[in-house]
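To keep things clear, I will list the structure first and then write my remarks on it.
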Amino acid sequence: MKIKLFTIVICFLSVSAYAQVDVTQMAVIKGEGVNLRQGPGIRYNAIWKYGNGLPVKIIGKKNDWVRVTDFEGQSGWVFESLLEKKKNVIIKTSKNSKIKINIRKAPSTDAAI
């Protein structure tokens, strides 16, 4: 009996752990002035407005609302239809930096910029 109970508990814990695996999904904002809200609904205050093409990481979902975080760590909720699931990138440097960043077509310093 104890072995059966132990096996059931292990199976349950395995399924629970599997359900919590973090599968990072990326998306970009579709449209200008998209509100980032404190909660999943229009009754929650807008804490930020995002512009078209801003990349975000999807960290949760509730009904038609998606919890996202941006490249600066700000998180909140966006209506799902205002997101397009695709990868994007932002390269951030200091305003005072004199370093130029070259984006190349291939992983080589000889590749075209």
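The values are calculated or read from the model by the stated rules, or taken from the named source; none is laboratory data. Not measured: the values here are computed from a predicted model. As a convention, Cβ positions derive from the backbone with ideal geometry for all residues, glycine included, and neighbour counts pool all protein chains shown.
From the residues in segment 52-68 that are assigned to a strand (DSSP E or B) and among the aliphatic types (A, V, I, L, M), which one is surrounded by the fewest Cβ atoms within 10 Å (Cβ to Cβ)? Break it down into steps so the answer makes sense when it comes.
So the first thing to find is which residues in segment 52-68 are assigned to a strand (DSSP E or B), and the list is 55-62, 65-68.
Checking the rest, the ones that are also among the aliphatic types (A, V, I, L, M) come to 56, 58-59, 66, 68.
Values: Val56: 25, Ile58: 18, Ile59: 13, Val66: 23, Val68: 25.
The qualifying residue surrounded by the fewest Cβ atoms within 10 Å (Cβ to Cβ) is Ile59.
Restricting the search to segment 76-95, which residues are assigned to a loop (DSSP other than H, G, I, E, B) and either touching a residue at least 12 places away in the same chain (Cβ under 8 Å) or charged (D, E, K, R) (or both)?
So the first thing to find is which residues in segment 76-95 are assigned to a loop (DSSP other than H, G, I, E, B), and the list is 85-95.
Matches in segment 76-95: Lys85, Lys86, Lys87, Asn88, Val89, Ile90, Ile91, Lys92, Lys95.
Pairs only if they're at least six apart or on different chains, beta carbon under 7 angstrom, first in segment 64-75 and farther than 19 Å from Asn52 by Cβ, second of a type in the set (Ser, Thr, Tyr); list them, first residue then second.
Within 7 Å, the pairs are Arg67/Ser75; Ser75/Thr69.
What are the residues in segment 39-51 that are surrounded by 13 or more Cβ atoms within 10 Å (Cβ to Cβ), not small (Gly, Ala, Ser) and not in a strand (DSSP E or B), if any?
Across segment 39-51, the qualifying residues are Pro40, Tyr44.
Name the single residue that is surrounded by the most Cβ atoms within 10 Å (Cβ to Cβ) among those in segment 82-102 being modelled with pLDDT of 80 or more and among the hydrophobic types (A, V, I, L, M, F, W, C).
The residue in question is Leu83.
Would you tally the residues in segment 64-113 being under 24 Å from Gln38 (Cβ atoms) and within 14 Å of the chain's Cα centre (by Cα)? Lay out the reasoning, then the answer.
Taking segment 64-113 as the starting set, the residues that turn out to be under 24 Å from Gln38 (Cβ atoms) are 64-85, 90.
Within this subset, residues satisfying the condition of being within 14 Å of the chain's Cα centre (by Cα) are 65-80, 82-85, 90.
Here the count works out to 21.
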